[in-house]
Amino acid sequence: MTTLDQPESNSELEVRAIAAERLTFFADAVIAIAVTLLALDLPVPAGDTNGEMLRSAVEHRDGYLAFGISFLVIASHWRNHHRVFRYVTRLDSRLTTLTLGWLFMLVITPFATRVITGNGAFQFRFGFYSIVQVVAVVLFALMSREIERKGLSRPDTPTEMHAHTFLRPAGFTSGFLLSIPVSFLTSYSYVCWIIAPMVVRIIRRAQDRRAAQT
């Protein structure tokens with residue numbers, strides 16, 4: 001057993017790195033399953049003529065829109081995970097638990113997508129979907145904080161990576177949270193999911209430019 005005064009051997013470092021790599025592979029597999037489940041729920045247009053098929057596709061437009069939004073949401077989660085975990089070389093129990101909770105939210109996303117495309121009780125359906133995404137974003141932010149706080153990543157990890165990791169979720173979180181009360185006013189409240197991240201992205205770029213000038 002290593003102590004604070006005794007550095008880890010190369011074999012121990014290798015075991016820890018393999019464990020971190022296995023968790024990353026597992027996350028990739030779970031996300032792939034989530035995307036697959038999302039696609040399986042796509043409604044198939046019906047009809048004997050081109051016109052009937054087209055009308056059927058138009059009738060299912062809400063389902064296709066929900067699929068597109070959910071795919072982009074899951075893809076964004078995966079990109080952030082890939083951006084952070086490619087530097088991770090060690091794990092602790094808290095990071096593993098947070099990762100499993102985050103993956104659970106992503107697996108629920110296809111179900112939440114089916115819920116949001118249902119009929120009636122729009123505010124409840126919309127709120128449920130938004131809360132699932134908020135929880136996922138918060139869990140990922142906690143994962144990033146744990147990595148930074150415990151020094152679980154490589155020494156050459158960019159210093160600004162974790163700051164950006166917190167800023168990106170801030171956009172998604174604010175967008176999803178804002179959309180819940182807006183859903184009581186309009187069915188186009190999902191626009192908040194697009195606008196809020198764009199605003200945060202503009203802020204982040206402005207901060208990067210100021211940092212480059214100093």
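The values are calculated or read from the model by the stated rules, or taken from the named source; none is laboratory data. Note that this is a predicted model, so its numbers are computed, not measured. Note that we place each Cβ from the backbone using ideal geometry, even for glycine, and neighbour counts take in every protein chain shown.
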*Check Arg90, Arg94 and return the single one that is part of a helix (DSSP H, G or I) and more than 19 Å from Val191 (Cβ to Cβ).*
Arg94
_Show the residue pairs meeting these rules: Cβ distance below 6 Å; 6+ apart or different chains; first residue within the range 50-74 and closer than 22 Å to Thr36 by Cβ; second residue outside any helix (DSSP H, G or I) and not aromatic (Phe, Trp, Tyr)._
Ala57/Pro45; His60/Pro43; Asp62/Thr117; Gly63/Pro43; Gly63/Thr117; Ala66/Thr117; Phe67/Leu42
*Out of all the residues in the range 8-33, which are within 16 Å of Leu152 (Cβ to Cβ) and at pLDDT below 70?*
Glu8, Glu12, Leu13
*Return yes when Phe122 is within 27 Å of Pro43 (Cα to Cα), of a type in the set (A, V, I, L, M, F, W, C) and at pLDDT 80 or above and no when it is not.*
no
*Could you list all residues from the range 174-206 that are at pLDDT 75 or above, of a type outside the set (A, V, I, L, M) and surrounded by fewer than 13 Cβ atoms within 10 Å (Cβ to Cβ)?*
Pro181, Phe184, Thr186
*Hey, could you check the range 34-54 for residues that are surrounded by 14 or more Cβ atoms within 10 Å (Cβ to Cβ) and in a helix (DSSP H, G or I) and say which is modelled with the lowest pLDDT?*
Met53
